[in-house]
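J.: A single structure is presented below for examination.
The values are calculated or read from the model by the stated rules, or taken from the named source; none is laboratory data. Owing to the predicted nature of the structure, the values given are computational and were not obtained by experimental measurement. Using ideal geometry, Cβ is built from the backbone for each residue, glycine included, and neighbour counts are taken over all protein chains shown. These area figures cover heavy atoms from the full protein model, side chains too; ligands, DNA and RNA do not enter into them. Shrake-Rupley method; radii C 1.70, N 1.55, O 1.52, S 1.80 Å.
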Amino acid sequence: MIPLLLASVLAIICLVVVAGPLWRRQRTETRLPGEEPVDIEAALKAAYQEARTLKLELEVGQIPKGRYEEQLGSIRLRAAALLRRKEGLEESMKQLGDILEKEVRTFRERRRAIKGSVDCPQCGTKLGPGSVEHSCVSDTSAEW
Amino acid sequence: MADLGTMALIIAALLCCYAIAGSVLGARAGLPRLIDSARRAVYLNALVLAVATASLVSAFLAKDFSIQYVAEHSNRAMEPVYVWVAFYAGNEGSILFIALALSCLSALAVWKAPKEATILMPYASAIMMVVLFFFITVMLFLANPFATLAQAPPDGRGINPLLAHPGMFFHPPSLMTGLVAVTIPFAVVTGALLAGQTRDQWVDMGRTWGLIAWAILGVGNLLGSWWAYTILGWGGYWGWDPVENAGFMPWLALTAFVHSVMVQKRRGIFRLWNVVLVSAAFFLASFGMFINRGGPVPSVHSFGASTVGWVFLAFLAVAAFSSIAVIAWRYNKISSAQPLDSPLSREAAFLLNNLLLLAIALVTMWGVVFPLISELARGVTVTVARPFYDQINGPIFLALIFLMGVGPLLPWRSASPSDLRRSLLLPSLLALGVVALLALMGVSNWYALASFGLCVLVVSCVVREWVRGTLARSKQGHNLVASFVHLLGSNRPRYGGYIVHLAVVLLALGVTGSSFYSVQKDVVLAQGQREGVGKYEIEYVSSRVEHKPDREEWTANLMVYRGDRPLGAIQAGRTFYPEFRMSSTRAGIRSTPVEDLYVIPSEFLDDGRASFRILVNPLVMWIWVAGPVLIVGALVALWPDKGGVALSGRRRPEAAPAVGSAYSHEL
C-alpha cells in the first residue's frame with residue numbers, strides 16, 4: 001500500500017511539473033528567416049579566438065612576423081565584415097520593431113475609436129477614448 | 001520496494017515518451033510551451049530513476065531476498081559497504097545504473113545548453129530520451145531488477161568475489177557512465193542535423209560533451225586496468241579482453257573527435273568528418289554495451305553476461321541505420337568544399353592523428369569480432385590474443401606518439417618546412433641523446449628505444465612551447481609563474497590537450513617498461529626460505545588462514561630484501577568462495593617510480609610451503625599517475641574561457657558585452 005501511495009505521489013508531482021508550462025500564457029516566438037545575430041556573434045567570437053591563437057603562435061615561434069601580420073590582416077577584414085553585417089542586422093531589427101510598435105498603436109487607437117472604451121488586456125483598467133498612452137506594470141509591447 | 005521500483009520505471013518510460021513527443025512536436029509546430037514542458041520531463045526522469053535506484057539500494061540494505069536481483073547478488077555476510085557495488089553487479093542493476101547515469105547527464109546537458117543550441121536542443125533531447133526509453137523498456141520487459149521470487153530464500157547467493165574490491169566502487173560506474181555519456185554528443189550532433197543546423201552551431205556543446213565522455217571513459221579504462229592488475233592475479237593490467245576493448249574502441253573514436261572538432265571550431269572544416277566520428281563513437285559504445293550484456297565472446301568479465309544481447313544488437317542496427325539516413329539526408333549541406341591549405345599544418349596533423357586512431361579502433365574491432373565470424377562461418381572457436389594486437393597496434397601507437405610531438409609544433413593553415421625543421425631541431429637532438437644514452441646502458445630493443453625516444457620528443461616539444469610562451473609573456477612585466485599561468489589560461493583547450501599528451505607519455509613509459517623489461521619467476525618456498533628475483537630477494541615469513549562464513553582467506557607474509565638490507569614487508573593473499581567455486585587473489589605489490597615488485601600466491605600446500613609467482617614490472621607506477629594527470633588536462637581543456645563563457649558556452653549576463661565591442665581591441 002505504501003509503495004503504491006509513494007508511486008502515486010511521484011506520478012502526481014510529475015504531472016503537475018510537466019503540465020506547468022502548458023498553463024502559462026502563450027508566448028509566440030517569431031524567427032526571421034536567414035542569418036541571426038547569434039550566428040554573427042559566434043563568427044565574431046571565432047575570429048577573435050583565431051587572432052588570439054595567431055598571436056600565441058607568433059609568441060612561441062611557430063610563425064614568422066610576416067605571416068602573422070598577413071593572417072591577422074585577413075582576420076581583421078573578416079571581423080570588420082561581420083561587424084558591418086551585425087550592425088546592418090541590428091538596424092533592420094530596430095526598424096522592424098518600430099514598424100511593429102507603430103502598427104500596434106494604430107490598431108489600439110482604431111479599436112478605441114470604434115468601441116469608445118476598452119479594458120487594458122494586461123491590468124484590466126478601463127481605458128477611455130483619450131487614454132492613448134496608458135501603461136501598466138505588466139505591459140510588455142513584445143508580447144503584442 | 002519492488003512495487004515502487006517497478007512503478008518508478010513505468011513513470012520514467014511514460015516521461016520519456018512525453019519528452020520525445022513534446023520536444024519534436026513543439027519544435028515542428030513552434031510551440032515553446034510544449035518544448036518547455038517536454039524539457040521538464042527530461043529533468044524529472046533523473047528524479048524518477050533516482051527513486052527507482054533508491055528502491056533497489058534500500059532493498060539491498062534491508063536484505064529483501066524476495067527480490068530476485070538482491071538474492072542473486074548479496075547475502076547476509078556481505079559488508080554493507082559493498083551494497084553500492086552489488087547494485088550494478090548484475091545485468092539488471094547495471095542497466096538501471098546506466099539509465100540513471102543517462103538521465104542525469106541528459107538533464108545536465110539540457111539545463112546547460114548554450115544559447116546557440118536553442119533550436120537543436122528539442123531534437124537532441126528527443127534522441128537522448130529515445131536511448132533512455134530503450135534502456136527502461138529492456139528493464140521493464142526483459143531484465144527487471146525488481147522482479148520478485150515466489151518464495152524468498154533465507155539468504156542470498158552473495159556478491160561476485162571479483163567485485164569485492166575497492167576499484168569496483170569506481171571502475172564499473174565510470175566505464176558505464178562513459179559509454180552512455182557518448183549518447184550526449186551524438187544526440188547534440190544528430191539533433192543539429194535534424195533541426196537543419198548544419199553549420200557550426202553544435203560545435204561548442206558537442207566538443208564539451210565529447211570531452212566529458214572521453215575523460216570519464218578514459219578514467220574508467222584506467223581504473224579497470226588497476227583493478228585487473230591488483231586482483232586478477234596474472235601480473236598484467238591490459239589483456240585485450242573483448243570487454244576491455246569494448247571500452248577502449250569508443251574512447252579511441254572520441255579521442256579522434258575531440259581533436260577533429262577543434263579544426264571545425266577553428267577553421268569551419270571537417271564538418272562531415274566530425275559527424276561521422278561522433279556517430280562512430282556512439283556505435284562503438286553501443287557495441288560495447290552489447291558485448292557486455294550479450295556475452296557473445298568469452299571474457300573475464302562474465303558477471304555482466306545475460307541473454308538480452310540480441311536486443312542491444314537490434315538497437316545498434318536501428319541506431320546505425322537511422323544515423324546513416326540522417327547523414328545522407330543532410331550530406332550536401334554538411335560536406336565542406338573548403339580544402340586543407342597545406343599538408344604541413346595543424347589541421348593535416350589532426351587528420352592524420354584521426355586516421356591512426358581509427359586504424360587502431362578498426363584493428364581492435366577486428367580482433368573482437370573475428371572469433372564470432374570464425375565460429376559462424378567455420379564452426380571453429382578461435383581466440384585473438386595479445387600478440388595480434390601488439391604486433392599491429394604497437395607500431396601505430398608509436399606513429400601516434402610521434403605525431404603528438406610534431407603536431408603541436410605546427411601552426412594552423414600552413415607551416416614552412418624550414419620553420420618545422422628549426423622547431424624540431426632541439427627536441428629531436430634531446431630525443432636522440434636519450435636514445436643513445438639508453439643504448440649505452442644496455443637497452444637494445446628497437447621498439448623500446450623508439451618509444452622512449454618519442455616520449456622525450458613529445459615532452460621536449462611541450463616544454464619548449466611552454467618555455468617560449470612564458471618568456472614572451474614575462475617580457476610584459478609579469479613574473480615567470482604568473483606568465484606561465486597566464487599562458488595556460490590564454491588557450492585552455494590547447495594547453496589542456498598538452499597536459500593530456502603528458503599523461504599519454506606517462507602511459508607509454510609504463511606500457512613500454514612493463515612490456516619489454518618485465519621479469520617473471522615461479523617459485524615454491526618453505527617458511528623462512530628466500531629466493532632472488534632481479535635485484536630483490538623475497539623471504540616467505542609466515543602464513544595464516546581465516547575461515548569466514550562465505551570464504552576462506554589465506555594470507556602470506558613476505559619480507560623483501562635488497563642484498564641483506566630489508567626493504568619492507570608485503571602481504572599477498574588468496575581467497576576461496578565455495579558458493580561461487582571461485583578464487584580471487586590479492587597481489588602483494590611494492591611499488592616505486594622505477595619498478596613494481598609483484599607477488600601472487602598461486603597455491604598454499606599442505607606441507608606449509610607455498611608457490612608464488614614473482615614479477616618485477618618496470619615503470620608501472622607511471623600508468624596510474626597518468627590518470628590524475630589526464631583528469632587535470634581534461635579539466636583545463638573544459639574550464640570556462642575568460643570573459644564569462646560558462647561550461648556550456650553561455651555567457652554570464654553581467655559579463656556579456658556585445659561581442660564586437662568586447663573583442664574589437666584584440667583585433
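J.: Considering only Cα-Cα distances, which of the following residue pairs are longer than 25 Å: A:K45/A:K65; B:K115/B:K333; A:K94/B:K115; A:K45/B:K475; A:K86/B:K265; A:K65/B:K333? Intermediate results must be reported in sequence, preceding the final value.
T.: Working: A:K45/A:K65 23 Å; B:K115/B:K333 22 Å; A:K94/B:K115 21 Å; A:K45/B:K475 27 Å; A:K86/B:K265 20 Å; A:K65/B:K333 37 Å.
With Cα atoms farther than 25 Å apart: A:K45/B:K475; A:K65/B:K333.
J.: Taking the dipole about the Cα centre of segment B:549-604, with the C-beta of Lys and Arg at +1 and of Asp and Glu at -1, give me whichever of B:W554, B:P566, B:S584 is farthest to the positive side.
T.: So the residue furthest toward the plus end is B:P566.
J.: Further question on the same structure: From the residues B:I401, B:I35, B:P593, which one has its Cα farthest along the dipole of chain B in the positive direction, the dipole being from +1 and -1 charges on Cβ of Lys/Arg and Asp/Glu about the Cα centre?
T.: My answer, from the dipole projection, is B:I35.
J.: A further question follows. Evaluate the distance, in nm, between pseudo-label points positioned 7 Å from the Cα of B:K333 and of A:E91 along their respective Cα→Cβ axes.
T.: Taking the two extended label points, one gets 3.0 nm.
J.: On to the next question. If the chain between B:L352 and B:V481 were fully stretched, how many nm would it gain, using 0.36 nm times the residue separation less the Cα-Cα distance?
T.: Numbers: separation 129, 0.36 × 129 = 46.44 nm, distance 3.47 nm.
Between B:L352 and B:V481, full extension yields an extra 43.0 nm.
J.: Continuing with this model, one more query. Roughly how many whole Å is it from the C-alpha centroid of segment B:589-634 to that of segment B:264-278?
T.: After rounding, the separation between the Cα centres reads 42 Å.
J.: In debye, nearest 20: dipole of chain B around its Cα centre with unit charges on the Cβ of K, R (+) and D, E (-)?
T.: On the way: 48 positive and 36 negative charges, 480 e Å.
Charge dipole, chain B, about its Cα centre: 2300 debye, nearest 20.
J.: How big is the gap, in Å, between the Cα center of segment B:1-41 and the Cα center of segment B:401-448?
T.: Centre-to-centre (Cα) distance: 55 Å.
J.: Please compute, for the alpha-carbon atoms of segment B:34-95, the extent along each of the three principal axes and give them in descending order in Å.
T.: 50, 20, 19
J.: How far is it, in nm, from the label point at B:M559 to the one at B:F170 when both lie 7 Å from their Cα along the line to the Cβ?
T.: So the two model labels end up 3.4 nm from each other.
J.: Determine which lysines satisfy two conditions relative to B:K535: a Cα distance under 21 Å, and not lying fewer than 8 residues away in the same chain.
T.: Filter leaves B:K521.
J.: Quick check: Cα centre of segment B:70-94 to Cα centre of segment B:485-507, how many Å?
T.: So the two Cα centres are separated by 40 Å.
J.: Given the options B:L120, B:F248, B:A164, identify the residue whose Cα lies farthest towards the positive end of the charge dipole of chain B (+1 on Cβ of Lys, Arg; -1 on Cβ of Asp, Glu).
T.: B:L120
J.: What is the sum of charges around B:A126, taking Lys and Arg as +1, Asp and Glu as -1, for the other residues whose C-beta is under 13 Å from the C-beta of B:A126?
T.: Summing Lys/Arg as +1 and Asp/Glu as -1 gives +2.
J.: By its C-alpha gyration tensor, with a ≥ b ≥ c as the square roots of the eigenvalues, how is the protein assembly as shown shaped: rounded for a/c under 1.5, else prolate for a/b larger than b/c, else oblate?
T.: Details: a/c = 2.41, a/b = 1.33, b/c = 1.81.
Taking the square roots of the gyration eigenvalues as a ≥ b ≥ c, the protein assembly as shown is oblate.
J.: Shape call for segment B:69-139 from the C-alpha gyration tensor, a ≥ b ≥ c root eigenvalues: rounded (a/c under 1.5), prolate (a/b greater than b/c) or oblate? Numbers along the way, then the final one.
T.: Numbers: a/c = 7.18, a/b = 2.53, b/c = 2.84.
The shape class here is oblate.
J.: Now, a different point. In µm²/s, what is D for segment B:551-623 at 4 °C and 1.567 mPa s, where D = kT/(6 pi eta Rh) by Stokes-Einstein and Rh is the Kirkwood radius from Cα pairs?
T.: Numbers: Rh = 13.4 Å.
Result for D is 96 µm²/s.
J.: Restricting things to alpha carbons, find the Rg to Rh ratio for chain B using the Kirkwood radius for Rh.
T.: Details: Rg = 26.8 Å, Rh = 27.2 Å.
So for chain B, dividing Rg by the Kirkwood Rh gives 0.99.
J.: Let me ask something else about it. Put one equal scatterer on each alpha carbon of segment B:493-583, apply the Debye formula with no solvent term, and list log10 I(q)/I(0) at q = 0.12, 0.15, 0.18 1/Å to two decimals.
T.: Results for segment B:493-583 at q = 0.12, 0.15, 0.18 Å⁻¹ read -0.65, -0.81, -0.91.
J.: What 222 nm value per residue comes from the helices of the protein assembly as shown, counting each DSSP H run with n ≥ 4 as -39,500 (n - 2.57) and dividing by all residues, nearest 500 deg cm²/dmol?
T.: Working: 23 runs with 497 residues, N = 811.
Dividing the helical sum by the residues of the protein assembly as shown leaves -21500 deg cm²/dmol.
J.: Moving on to the next point. If you take the accessible area of B alone plus A alone and subtract the pair, what total do you get in square angstrom, rounded to 100, with a 1.4 Å probe?
T.: Working: alone 29060 and 11820 Å², together 36260 Å².
Summing both sides, the interface buries roughly 4600 Å².
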